[in-house]
Every structure is written in structure tokens, then in C-alpha cells.
Amino acid sequence: MFKKILIANRGEIAIRVMRTCRKMGIKTVAVYSEADEKALHVQYADEAFLLGPPRVNESYLKVEKIIEIARLTGAEAIHPGYGLLSENANFARECEQAGIMFIGPSPDVIESMGSKIAARKTMEKANVPIVPGGNAPLIDVEEAILRAREMGFPVMLKASSGGGGIGMQIVQDEEHLLKAFASNQKRAQDFFGDGAMYLEKYISNPRHIEIQVLADKAGNTVYLWERECSIQRRHQKVVEEAPSPFLDPKTRKAMGEAAVRAAKEIGYTNAGTIEFLVDENKKFYFLEMNTRLQVEHPITEEITGLDLVEQQLKIAFGELLAFKQSDIQLNGHAIEVRIYAEDPVRFFPSPGQITAFKLPEGENIRNETGVDATSKVTPFYDPMIAKLIVRGSDRMAAIKELQNALRNYHVEGIKTNIPMLKEVAEHEAFINGETTTSFVETYLMKAKK
């Protein structure tokens, strides 16, 4: 096994990866920006090295500097976490050329799934259902209007290289499309360096359900059940649970098998996630593939008993999966909520000095955090500061654990979205499993108007 790895990330995910490394006897190297000099992930690692100024393009996105530190410290591999460089094919390629193992799929696979348009074509080839729409970039807004007329409004305007809801917008009519096209194209160009846009038919009131896959270098591929991630704000996930309260065994199996077909079609290795939209009739459609570890991976760990980071490391090192599909059991129910440093009503980031930070504790509670009572939340990075994961013997037991845990989650000095999470956890629609992507707008936002 690797003796030392560098974690090219920050916050709770860096600590999460380091924790498994400690368990496996692997030394860890942290990297940090000037703003993160006193961050917990820096303290937790065996070694830590400064990358540069606070902004990510001057620190956490500095590919050459990160590889230089890996070489200097003798790190044999780099774990990218999620976000930042985790789905950057160029970074994976630079690692490969430097003789350092990138803990993830090959650069070519990352590249092929990084373009949503190319991914749609690949999924069609693998006989995986896709949302009706275009498989070529739109030339201009005039072509967009023509395609939208053919599909019928409403439609979903999307950036081909997008993520995190950036460059994505539901469009109700032609006038709306005229206004939305240029602004979303500019955002996509600014964030991803690619302004290519395409249209999909908008599926009303869907579920967002994803399948976790693992694949070794010999092509052995399994699915680890599903996660429902439908409760979102601004197309970003807030609450996730496993398994989905909506799926029946037949649909669950069909989606898992489709995800395995997709992974095999592209020659996928390591941990990855196939995301689907599922309509009210349980018909599912490919949405995108995330070629990395997901923020919400802990709930899969809780229902399967597997350590996904450990599996990533073993696969990267060349080990074969030690289990087959029939060995993977589904035990109990798990729910994760993301704790954001943000205004719970307007969803604006709320940076500042944390003055009190008390976590809930219990046998069925798991906390993943990148901050403590001495931490300062800066405006330079994603406002997610922690994750709360609970498990129960069934969904209702997990919901009760979540409700109690949120009542005992205490943060002062900054605003957080905990009030909103409490509303969700105690809402009748959530308890009844009515968790579609319109949940926040339907049940929370309207109530505040």
C-alpha cells in the first residue's frame, strides 16, 4: 500500500481522507493557502505546506506547485477530494506524467464525462436513458429558441461543462430564454472556460437520485445502492438520504445495473457516481457522472459498512475489489445534511469568526467538519463548513435522530442554515418522503412570502 499521500484539498474532506489514511498506516501531506494557515486539516496532517495567497487560483488550483510538493515530500499518490481539482483532467494527466498516482479515474475518462454533451452521447451508446434534448452545442440563442419550440416549453438551459447549478436555468417561454441564454453562457465561460450551452426537456417535479459505483482496474464493477439528493437550493444539494424513500426494489436494481453499464462503457476505475432524474412514474434519465468522491458519500458508507476512501486507495494501488455485487448488503437508513455558513433565508454566505461550536453526539451520529470553536470562516471558499450524518434501523428512526441532532447543533458568531435544516427535518412532506427537487420552493420559500 502507499506509504504517503498528498491531499490536494481543504476543510472537512481533507480531514476525512486523512482519517482513513491514519487507519491504514499511511502518512499524509496537507497543502494550504495563507487564509487556511491555522485550519484543522493543516493541524491534522503529518506534514503541511503553503501553496500561496487565499484565492483558489493562487493556491488550491496551482497544479505545478502541488505536484512539486508531492515530489519534495515523497508522496506516492494524490487524493483530490471533491471540488477544486478533483475533476480536472489536466491535473490527473500532470500527476501521471510526474509518476504520481492520481486517486481517481484516468484523465481521458474525466475529460469524456466533463462535457455533459459528450456524456449524453456515451450514455446513449451504453443504453442508459437520457433526458430528451440536444446532443450538440447550441450555436446561438436563435437556435436555442428553435430547439425549445420543437421540445416544448418549459426547458432546462444548461452549460456543457457546468456543475453546482452554474449556467443552469429553467426557462418557461421564448422571452425568458432570450434573457437567460447570454447571462448563463457568460457565467459558464467565466467559471469553466467553456461557454457551450445545450437544452434538455424540463422534467416537472422530479427526484434527483444517484448511484454510487466502484470499479477496479480489472473491470470488476459494482453499485452500492442509491442516494436521494432531491432537496436542493439553487440546484445545490442540502439534504441527502440512502436509500431513497421513493424507489422500489425493481427500479433500484434497474438503476444500479444502468450505472454499472455506464461505468463499463467508459472504462471507469475507482469511485464514481451516476446521477439520474426520476420522474413521478419512476422512469429514470441520466443526468451526469461525477468522476470523484461525492460530498454525500458518508451515507453510502453508513448503509453498506464500506469505507469508500479505503476502497479508493486500494483500487488506485491496483488491488481488486474484495467483494461482488451479491455481497453488498443494504442495512438501515442514513441521512446527511450540509451545514453552510450562510443566511438561512437568503442563502448568502456568512463569513466570520466562530465563537462557539458544539456538535451533537451519539451512537448513531457522525460529524464531518473542517472547523471548530476557534475557526474563522473566510469569504474565499465554499460556505459549507460541516456535514451531519445520522443513521437508524429504518427511515423514521433516522429522521428522529436527525431532528434531535439538529436541536443539539450549536454554532455562534456566524449565521448558518441550521434553522432551515430543522424546518426540513420536521416538515410533514419530508417525513412522508415527498422529497422532490422543488421541495424548498414549494414548502419553505412560499411559507416565507
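What follows draws every value from the coordinates through simple rules; no lab data is involved. The model shown is predicted, which means the values in this text are computed figures rather than measured ones. Positions of Cβ are backbone-derived with ideal geometry, glycine not excepted, and every protein chain shown enters the neighbour counts.
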With a ≥ b ≥ c from the Cα gyration tensor eigenvalues, square-rooted, and the rule rounded for a/c under 1.5, otherwise prolate when a/b > b/c and oblate otherwise, segment 303-433 is oblate
How would you classify segment 207-448 from its alpha-carbon gyration tensor, with a ≥ b ≥ c the square roots of the eigenvalues: rounded for a/c under 1.5, else prolate if a/b is greater than b/c, otherwise oblate? prolate
Residues whose modelled amide H sits under 5 Å from the amide H of residue 27, counting only those 5 or more places away in sequence or on another chain, are 4, 5
Label point at residue 135 placed 7 Å out along Cα→Cβ; residues across segment 101-128 whose backbone nitrogen lies under 11 Å: 118-128
Listed with the fewest Cβ neighbours within 10 Å leading, 36, 372, 394 appear as 394, 372, 36
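Could you work out how much longer the chain between residue 90 and residue 254 gets when fully extended? Use 0.36 nm per residue separation minus the Cα distance between them, nm to one decimal.
55.7 nm is the gain from fully extending residue 90 to residue 254.
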In whole Å, how far is the Cα centre of segment 376-449 from that of segment 214-277? 23 Å
What residue among 29, 141, 239 has the largest mean-square fluctuation in a Gaussian network model of the chain, using Cα springs under 10 Å? 141
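If you average 1/r across every pair of different Cα atoms in segment 37-88 and take the reciprocal, what Kirkwood value do you get, in Å? Before the final figure, lay out each step's value.
Values: mean 1/r = 0.0838 Å⁻¹.
Every distinct Cα pair counted, the radius reaches 11.9 Å.
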Which of 368, 288, 68 ends up with the largest GNM mean-square fluctuation for the chain, with Cα atoms connected below 10 Å? 68
For the residue 345, residue 175 Cβ pair and Förster radius 22 Å, calculated FRET efficiency rounded to 0.05 is 0.15
Under the Karplus relation 6.51 cos²θ - 1.76 cosθ + 1.60, θ = phi - 60°, what is the ordered set of whole-Hz ³J(HN,Hα) values for segment 115-123, x standing for Gly and Pro? 8, 5, 5, 4, 5, 4, 5, 5, 5
For the chain, the charge dipole (Cβ of Lys, Arg +1; Cβ of Asp, Glu -1; about the Cα centre) points to a positive end, and the Cα of 88, 432, 402 closest to that extreme belongs to 402
Separation between the residue 282 and residue 407 pseudo-spin-labels, each 7 Å from Cα along Cα→Cβ, expressed in nm? 3.5 nm
Assigning unit charges at the beta carbon (Lys, Arg +1; Asp, Glu -1) and nothing else, what dipole magnitude in debye, to the nearest 20, does segment 4-103 show about its Cα centre? 340 debye
Classify segment 1-75 as rounded, prolate or oblate, taking a ≥ b ≥ c as the square roots of the eigenvalues of its Cα gyration tensor: rounded when a/c is under 1.5, otherwise prolate if a/b is larger than b/c and oblate if not. oblate
Please work out how much length the chain gains when fully extended from residue 146 to residue 58, using 0.36 nm per residue of separation minus the C-alpha to C-alpha distance, in nm with one decimal. 27.5 nm
From the backbone phi of segment 345-354, what are the Karplus-calculated ³J(HN,Hα) couplings (6.51 cos²θ - 1.76 cosθ + 1.60, θ = phi - 60°) in whole Hz, Gly and Pro given as x? 9, 8, 6, 8, x, 10, x, x, 8, 6
Build a GNM of the chain with springs between Cα atoms under 10 Å: which of 139, 335, 103 gets the top mean-square fluctuation? 139
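Just need the relative contact order of segment 1-130 here, percent rounded to a whole number, with Cα pairs under 8 Å and 6+ apart. Intermediate values should be presented prior to the final figure.
Numbers: 209 pairs, mean separation 29.1, N = 130.
So the answer I get is 22 percent.
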Output wanted: per-residue J couplings in Hz (rounded whole) for segment 206-211, from phi through Karplus 6.51 cos²θ - 1.76 cosθ + 1.60, θ = phi - 60°, x for Gly and Pro. x, 9, 9, 10, 10, 10
Could you pull out every residue, at least 5 positions away or on a different chain, whose amide H is within less than 5 Å of the one on residue 417? Hs are placed 1.01 Å off N in the peptide plane, and Pro or chain starts have none. 340, 342
